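Single-structure report; data block below.
The values are calculated or read from the model by the stated rules, or taken from the named source; none is laboratory data. All values derive from a computational prediction rather than experimental measurement. For neighbour counting, all protein chains shown are included, and Cβ atoms are generated from backbone atoms with ideal geometry for every residue, glycine included.
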Amino acid sequence: MNKIANEDELVKKALQIGAVYAKKRAYGEIEVQDSVKLKVEFIYKVLVEDKLIQPLAKDQISDPNMRHKLALWISRQLPADHPLLTESK
């Protein structure tokens, strides 16, 4: 698993977009006091449930791998000229 450019920022964006998606799909809301790890797991599970991302193998499920999946997902949703998709930071 290679880390992609701006992965941390992409994960933050994925959490924002994913939270809106989850709320619209009536999966629930992310609370302000929820930990980032919990938010990542929640959004990952919502996207897997709706078949928007392919699930990780059971032995590969971990916070860093879920974060990577979210970063990949959001990088495909953003327009090609989005600032987070550029190599330089």
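Quick look at the values:
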{"quantity": "Failed item in (1) charged (D, E, K, R); (2) more than 13 Å from the chain's Cα centre (by Cα); (3) at pLDDT below 95, with residue 76 passing the rest", "calculated": "(2)"}
{"quantity": "From the options 75, 62, residue that is small (Gly, Ala, Ser) and loosely packed, with under 11 Cβ neighbours inside 10 Å", "calculated": "62"}
{"quantity": "Conditions (1) among the basic types (Lys, Arg); (2) in contact with a Leu (Cβ under 7 Å, 6 or more places away or on another chain); (3) within 24 Å of residue 86 (Cβ to Cβ): number failed by residue 3", "calculated": "(2)"}
{"quantity": "Where a residue in the stretch 28-40 is at pLDDT 90 or above and its partner, wherever it lies, is in a loop (DSSP other than H, G, I, E, B), with Cβ under 8 Å and at least six apart", "calculated": "39/30"}
{"quantity": "Checklist (1) closer than 21 Å to residue 6 by Cα; (2) assigned to a helix (DSSP H, G or I); (3) not small (Gly, Ala, Ser) applied to residue 79, failing item", "calculated": "(2)"}
{"quantity": "Count of the stretch 1-42 residues which are buried (at least 16 other Cβ atoms within 10 Å of the Cβ), hydrophobic (A, V, I, L, M, F, W, C), more than 9 Å from the chain's Cα centre (by Cα) and not in a loop (DSSP other than H, G, I, E, B)", "calculated": "3"}
{"quantity": "Evaluation of residue 47 against (1) part of a helix (DSSP H, G or I); (2) surrounded by fewer than 17 Cβ atoms within 10 Å (Cβ to Cβ); (3) not hydroxyl-bearing (Ser, Thr, Tyr) (one fails), failing number", "calculated": "(2)"}
{"quantity": "Residue match in the stretch 59-72 (condition: among the basic types (Lys, Arg) and either over 23 Å from residue 2 (Cα atoms) or at pLDDT 95 or above (or both))", "calculated": "yes"}
{"quantity": "Residue selected from the stretch 1-44 under the condition touching a helix residue (DSSP H, G or I) at 6+ places or on another chain (Cβ under 6 Å) and charged (D, E, K, R), by the criterion nearest to residue 68 (Cα to Cα)", "calculated": "7"}
